[in-house]
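Let me begin by presenting the structure, written as structure tokens, before commenting on it.
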Amino acid sequence: MTGSKGLTVWTSSMFIVGAIAGIGVLSLPKAVEDTGWIGLFFIFVFIMKSAYTATLIGKCWVMIEDRYPEYRSHVPDPYPIIGEKAFGHFGRNLVTVTNSIFNFGTAVVFMVLAANNAVTLLSNYTQVSFCYWLLLLSVLLTPMTCLGTPKNFWYIGIGATISTGIACVLIIIQTVLDKHKQPIVYHSETSTLKIFTAFGKMVFAVAGHSIFPTIITDMKKKNDFYKSALLGYSIVLVMYLPTALSGYQAYGRDVNVNILKSLSVGHIAHITELLITVHLLFGFVIFVNPICQQFEAIVGVPEEFTWKRCIVRPSIVLAVLFVSESVPHFGTILSLVGGSATTLLAYVFPCVFYMKLCRDVNEDRKLYSRHVVNNERTVTQKSIEQSPLLDHLTEEEERESAFECEIPEDTSRSSSGTIINGPIVIPMWQKILNTKIVIIGILGGTAATVSAIIDITNPESLSVPCYVSLQGAGT
């Protein structure tokens, strides 16, 4: 399933679906209600943009492997390395901080949602409040977070993917049934604040770029990541559009920011909530793990299991719990994280880093012609034509720069099958597209962040933190 030397295209695409699906299934119906019918088009556009920028991350990593042999084996922090090779220590630190904010914020969202689901599932059996469920789930999750690295809990990733897929089908079935019970549905008027807040939810729902570099480094053929990205996002598109459309048409202005709360009470709704809760608990472990590893490296905790891990990781879970108890609102947290960190990781960084790395390659080799080394350690026109990273060059440019040469025997081939040390030409249309994505990402992300902050600080949307009143409830 993972191939003899790494993940296959299919397996990698499943990891992509498992990482980005789930939250979107719950939040996108409300996002479409806040934007109107055009929200469905926005979802499609964001998925296409995210798939495109995901392929850029793949190309960035292949370029780094080709230029720096020390990164041709597995590395724990590939995204910060991409930032470092593009913009030095500043780029690395920026990516590290942004990645940490995103993963931490995602863990908070998963915790809040899981606690909400627990309240609904067991409301007929216990009167335990939302705030108490946050405490109980933290205790339950802490031992799971002490598992080493993803290779030690691969079954958690598979479980999250399967549970989300089944839940998505059940949500669609239940919304269709509810629509027949209430054929006339009214929709609310949209507003600028609603649109920008929905922007954050949509971006969050389609962006898993913080973990994509890790998937790439584990692939058998890293040049094939674009296939995994396209396949994975195609599956997500098939899941998201029907779910968002059915929820929008079935409930209208009454749709909850968490669509599970809008489903009619019954066996389908209970099973769906249970599956989503399983996904959220597994997802919490997945997103907290990179933060734990990074912090452990800073404080000097060894890789093998020791008592130090039993102190560091529960402390991080405690920090997530504190934020969850302070802002127990799924929707506002989702918009805030989606509008800030996600837009940088998914849209701004991939485009900027890709163009910068391509320029660096050209500057490093400006006195030399482009050369591509094939399996026989010589350069041929055929090997140049087959290089996926150089498909932007014209046929004339390929002929002019192709020549035959020898390389030292100690130069190892990258895992992509080629070594690229020459100029990479980015066509004008791609430069324009990348620039537009960066501008839209910055402007839209800023607007969504400001809107989320306004929503959080709005007295009407605030609730008393759980450590002030344990009877508080998340929404």
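Go through (1) part of a loop (DSSP other than H, G, I, E, B); (2) buried (at least 21 other Cβ atoms within 10 Å of the Cβ); (3) among the polar types (S, T, N, Q) for Ser13 and report which single condition fails.
(1) is the only condition that Ser13 fails.
Out of Ala86, Ala31, Ala54, which single residue is out of contact with any Phe, Trp or Tyr (no Cβ under 6 Å at 6 or more places or on another chain) and in a helix (DSSP H, G or I)?
Details: Ala86 fails: out of contact with any Phe, Trp or Tyr (no Cβ under 6 Å at 6 or more places or on another chain); Ala54 fails: out of contact with any Phe, Trp or Tyr (no Cβ under 6 Å at 6 or more places or on another chain).
On inspection, the qualifying residue turns out to be Ala31.
Going through Ile184, Ile195 one at a time, which residue ends up being over 30 Å from Phe295 (Cα atoms), outside any helix (DSSP H, G or I) and not acidic (Asp, Glu)?
Only one candidate qualifies: Ile184.
Let me spell it out: the conditions are (1) assigned to a helix (DSSP H, G or I); (2) at pLDDT below 85, and Glu304 meets all of them except one. Which number is the exception?
(1) is the only condition that Glu304 fails.
If Phe282 satisfies every condition in (1) surrounded by fewer than 23 Cβ atoms within 10 Å (Cβ to Cβ); (2) within 23 Å of Leu141 (Cβ to Cβ); (3) touching a helix residue (DSSP H, G or I) at 6+ places or on another chain (Cβ under 9 Å); (4) not acidic (Asp, Glu) but one, which is the exception?
(1)
Taking only region 214-230 into account, find how many residues are of a type outside the set (S, T, N, Q), surrounded by fewer than 24 Cβ atoms within 10 Å (Cβ to Cβ) and within 15 Å of the chain's Cα centre (by Cα).
Summing the residues that are of a type outside the set (S, T, N, Q), surrounded by fewer than 24 Cβ atoms within 10 Å (Cβ to Cβ) and within 15 Å of the chain's Cα centre (by Cα) in region 214-230 gives 1.
Restricted to region 285-306, and to residues that are in contact with a helix residue (DSSP H, G or I) (Cβ under 6 Å, 6 or more places away or on another chain) and β-branched (Val, Ile, Thr), which residue is farthest from Leu121 (Cα to Cα)?
Going through the qualifying residues, I end up with Val301.
Looking only at region 172-205, count every residue that is out of contact with any helix residue (DSSP H, G or I) (no Cβ under 7 Å at 6 or more places or on another chain) and farther than 20 Å from Pro242 by Cα and tell me the total. It would help to see each step written out before you state the result.
To start, the set of residues in region 172-205 that are out of contact with any helix residue (DSSP H, G or I) (no Cβ under 7 Å at 6 or more places or on another chain) comprises 177, 180-184, 189, 191-192.
Restricting the remaining residues to those that are farther than 20 Å from Pro242 by Cα gives 189, 191-192.
Number of matching residues: 3.
Give region 307-318 a look and list any residue that's touching a helix residue (DSSP H, G or I) at 6+ places or on another chain (Cβ under 8 Å) and part of a helix (DSSP H, G or I), or say none. Steps first, please.
Here is the first cut: in region 307-318, the ones touching a helix residue (DSSP H, G or I) at 6+ places or on another chain (Cβ under 8 Å) are 308-309, 312-314, 316-318.
Answer for region 307-318, where residues must be touching a helix residue (DSSP H, G or I) at 6+ places or on another chain (Cβ under 8 Å) and part of a helix (DSSP H, G or I): Arg309, Val312, Arg313, Pro314, Ile316, Val317, Leu318.
Report whether or not Thr161 is out of contact with any Pro (no Cβ under 8 Å at 6 or more places or on another chain) and closer than 21 Å to Ile20 by Cβ.
Yes; evaluated as a whole, the condition is true for this residue.
I'd like to know if region 143-157 contains one or more residues that are touching a residue at least 24 places away in the same chain (Cβ under 8 Å), among the aromatic types (Phe, Trp, Tyr) and closer than 27 Å to Thr306 by Cα. Outline the logic, then answer.
Kept after step one, since they are touching a residue at least 24 places away in the same chain (Cβ under 8 Å), are these residues of region 143-157: 144-150, 153, 156-157.
Subset that is among the aromatic types (Phe, Trp, Tyr): 153.
Among the residues that remain, those that are also closer than 27 Å to Thr306 by Cα are: 153.
Yes, region 143-157 contains a residue that is touching a residue at least 24 places away in the same chain (Cβ under 8 Å), among the aromatic types (Phe, Trp, Tyr) and closer than 27 Å to Thr306 by Cα.
Those residues that are closer than 21 Å to Pro314 by Cα, among the polar types (S, T, N, Q) and crowded, with 17+ Cβ neighbours inside 10 Å, I need them from region 143-175; list them, please.
Thr145
Scan region 292-301 for residues that are surrounded by fewer than 23 Cβ atoms within 10 Å (Cβ to Cβ), in a helix (DSSP H, G or I) and among the hydrophobic types (A, V, I, L, M, F, W, C) and jot them down.
Phe295, Ala297, Ile298, Val299
Go through region 57-70 residue by residue and tally those that are surrounded by fewer than 19 Cβ atoms within 10 Å (Cβ to Cβ) and not in a loop (DSSP other than H, G, I, E, B).
Residues of region 57-70 that are surrounded by fewer than 19 Cβ atoms within 10 Å (Cβ to Cβ), as a first pass: 67-70.
Pick out the ones that are also not in a loop (DSSP other than H, G, I, E, B) and you get 67, 69-70.
Of the residues in region 57-70, 3 are surrounded by fewer than 19 Cβ atoms within 10 Å (Cβ to Cβ) and not in a loop (DSSP other than H, G, I, E, B).
Would you mind telling me which numbered condition in (1) part of a helix (DSSP H, G or I); (2) free of Cβ contacts under 8 Å to residues at least 40 places away in the same chain; (3) within 23 Å of Leu26 (Cβ to Cβ) Asn124 fails?
All conditions are met except number (1).
The values are calculated or read from the model by the stated rules, or taken from the named source; none is laboratory data. Fair warning: this is a prediction, and the values are worked out from it, not measured in the lab. With ideal geometry, Cβ positions are generated from the backbone for all residues, glycine too; neighbour counts draw on all protein chains shown.
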